[in-house]
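I have placed the structure first, in the form of structure tokens, so that the comments after it can refer back to it.
The values are calculated or read from the model by the stated rules, or taken from the named source; none is laboratory data. As the structure is a computational prediction, the values presented were derived from the model and not from experiment. For neighbour counting, all protein chains shown are included, and Cβ atoms are generated from backbone atoms with ideal geometry for every residue, glycine included.
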Amino acid sequence: QVQLVESGGGLVQAGDSLRLSCAASGRTFSSYAMGWFRQAPGKEREFVAGISWRGGSKYADSVKGRFTISRDNAKNTVYLQMTSLKPEETAVYYCAAHPVFSLLRAGVPEYWGQGTQVTVSS
């Protein structure tokens, strides 16, 4: 069993930066692929970024070069550093985990966090 708790969301202005954190419980954290998804009002949940247990990362095209995902296995925490934020990136951001990276990226994680709201004002 893995429990995920996100933090770091808030209200920022366009062009600002924000770092999200996801703290995971469970001793198997280091063996899980971790990722971030987001869901804007009226839209489907979408993949943002993912990181394998080995540290390899993948990003949605829309965030490449602006967002960075990282993990600290000693702290059971995964981070999402977001820069140059845009108003259209206002959404609830969810942390997710799955033992298989490809399945995580496909949007079928084994575990979800409850989400943290990110609001980007213009």
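Going residue by residue through region 98-110, is there one that turns out to be at pLDDT below 95, under 30 Å from residue 122 (Cα atoms) and in a loop (DSSP other than H, G, I, E, B)? Yes, the conditions are met somewhere in region 98-110.
Does region 97-109 contain at least one residue that is touching a Pro at 6+ places or on another chain (Cβ under 7 Å) and not basic (Lys, Arg)? Within region 97-109 (the criterion being touching a Pro at 6+ places or on another chain (Cβ under 7 Å) and not basic (Lys, Arg)), the answer is yes, since at least one residue qualifies. A single member of 68, 119, 83, 90 is in contact with a Lys or Arg (Cβ under 6 Å, 6 or more places away or on another chain), of a type in the set (Ser, Thr, Tyr) and modelled with pLDDT of 95 or more, and it is 83.
Is it the case that residue 71 is of a type in the set (Lys, Arg) and either out of contact with any Gly (no Cβ under 6 Å at 6 or more places or on another chain) or under 14 Å from residue 19 (Cβ atoms) (or both)? Yes; evaluated as a whole, the condition is true for this residue. Can you say whether residue 19 is part of a strand (DSSP E or B), charged (D, E, K, R) and surrounded by 22 or more Cβ atoms within 10 Å (Cβ to Cβ), as far as the supplied structure shows? The answer is no for residue 19. Of the residues 84, 17, the single one that is hydroxyl-bearing (Ser, Thr, Tyr) and touching a Leu at 6+ places or on another chain (Cβ under 9 Å) is 17.
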